[in-house]
Every structure is written in C-alpha cells, then in structure tokens.
Amino acid sequence: PDYYRPYLTLGTFFLNRGQFARAEEQYRRALAAAPDLESGHMNLGLALMQERRFPEAEAQLLEALKLRRSANILLNIGSLYYEEERFDLAADYYRQSLAEGAPSTMLFRDLGDAERHLGKLREAKAAYGRGRVSAEEDVRQNPRRAASHSMLGLLNAFLGDRERARFEISQALSIGSEVRSVIRDAAIGYEHMGLRDEALAALRNAPRSLLEEMSHQPDVKDLSKDSRFQNLLFSTPTQ
C-alpha cells in the first residue's frame, strides 16, 4: 500500500477507460507515495486535462518537465496547449519534442495540426507527409492494429488523398470499431473530408466520455454543433 506503482497502473487503467476522476484519484495516491515521480505528475496532468481543468493540468505537466525533460512530456504539454487552442505554444512544444530525437507518427500528426491552425500550410503538409511515411511503416509492421490504419487514414485525409483516407479508415473501423482513438480519428477524418454522415456513424457507438471530448475538439467544431451530434451526446449514458 505504500508503493506508488499499483496506483500509477490503476490510474492508467481508469484513464484508458475514460474514467478520469477515478484516474486522478489513483495518480494522487501515487504522488503521495512518491512526490518526485515525474510520470505521476505527467499522468495526473493528463487526467486533469481530460477533465478540462487546464491550469491544474499545466502545473502538473510543467512540474513533470522540471523533474525530467523528455519527448513524451513535451508532447503532452503541446497537447494541452492545443486543446486550449494556443496553437503557437502547442507547435513550439511539439518541435521541442521532435528535437529530443524521438519522432513518432503521433508527433508528426500533432505538429501538422498545430501548423495548420496557424495557417502554415506548407509546414503542416511537410509534417503530415513525414507522419504518413511513419504510419505506413506502422501498418506494415502490424496490419491488424486498427489504430495504425486510422492514423494513416487521417493523415491521408489531411493531405487530400480522399480515396486512400476512406480505405484506411474503413479498414480501421472493421478491425477495431470500439477503440477510442480509432473512433476519434475516423470522425475527424470524415469531417475534414466533408463526410458528415460518415463522421456521425463512426461516433454512434462512442462512449460518453469520448463524445464529451469531441464536443471540445478544435478540428470538429461544426460537427459538435450539429443537432444529430448533440442528440447522440445527450442520449449516451455515462459510464
């Protein structure tokens, strides 16, 4: 009971299930046992971010960065600022994460998103292009991983390759229609391509926590105002 790791692990279990208040509780227990645990501060920041308690989340993530500078912590700080639509800060932290020497498909996608919102379309396209190369390798290595297909589909959507985007998103949904990241990517990708009906269909079986997240997502503002999305949101029970 005095060891931090079970609390950290249980917190992540709840976080992945969208039970953010329960995740927060476990991460606080982990930090009570190990106050200088950077992963505890980082994960608590992620839970608080999902609860949209942004100033508290920022404090925890910056504390994690003070304890240990890492690409993952920098990425998560960038994601916090992206959620707050502070796209200049988000892009800066994504670039810092990239400079740490740990490029990933997600990081290229996130950097592309921030650059796109800043109107830097050439830079966004370059980031998305690097992300697509990485995503294609992810799919080759594990063709049955739904999240790899959905990420590849989303990147193709942002790059304007609608045919490839629709194919990869369809593949992802056929493999893992219940996976949160797959549902999220599918909805964003379809909405970006102007396929509102398909975006709503992808969200039909989404948990309430994901629908609440999507209602604040910067890339689907018009979708979240659609009466059909609102009906879906308020008719879906909480976990």
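The values are calculated or read from the model by the stated rules, or taken from the named source; none is laboratory data. The structure presented is a predicted model; accordingly, all values stated were derived computationally and were not measured. Cβ sites come from the backbone with ideal geometry, for glycine too, and all protein chains shown count toward neighbours. Ligands, DNA and RNA are excluded from the accessible area calculation, which covers all protein heavy atoms including side chains. Shrake-Rupley method; radii C 1.70, N 1.55, O 1.52, S 1.80 Å.
Does the range 115-125 include one or more residues that are closer than 30 Å to F14 by Cβ and modelled with pLDDT of 95 or more? No: the range 115-125 contains no residue that is closer than 30 Å to F14 by Cβ and modelled with pLDDT of 95 or more.
Output the number of residues of the range 185-217 satisfying the condition of being among the polar types (S, T, N, Q) and within 26 Å of D161 (Cβ to Cβ). It would help to see each step written out before you state the result.
Step one: list which residues in the range 185-217 are among the polar types (S, T, N, Q), which gives 205, 209, 215, 217.
From what is left, the residues that are within 26 Å of D161 (Cβ to Cβ) are 217.
Count: 1.
Taken over the range 218-234, the criterion of being surrounded by fewer than 17 Cβ atoms within 10 Å (Cβ to Cβ) and either β-branched (V, I, T) or not in a helix (DSSP H, G or I) (or both) is satisfied by D226 alone.
On the basis of being in contact with a helix residue (DSSP H, G or I) (Cβ under 9 Å, 6 or more places away or on another chain), open to solvent by less than 20 Å² (accessible area, probe 1.4 Å) and over 18 Å from I77 (Cα atoms), does G18 make the cut?
In short, yes.
In the range 60-83, the count of residues that are buried (at least 17 other Cβ atoms within 10 Å of the Cβ), touching a Lys or Arg at 6+ places or on another chain (Cβ under 9 Å), outside any helix (DSSP H, G or I) and touching a residue at least 60 places away in the same chain (Cβ under 8 Å) is zero. Looking at E213, E198, E191, E163, just one residue is assigned to a helix (DSSP H, G or I), over 18 Å from T105 (Cα atoms), of a type in the set (D, E) and at pLDDT below 95, and that residue is E213. Within the range 131-148, the residues that satisfy the criterion of being under 18 Å from the mean Cα position of the chain (by Cα), of a type outside the set (A, V, I, L, M, F, W, C) and part of a helix (DSSP H, G or I) are G131, R132, S134, D138, S148.
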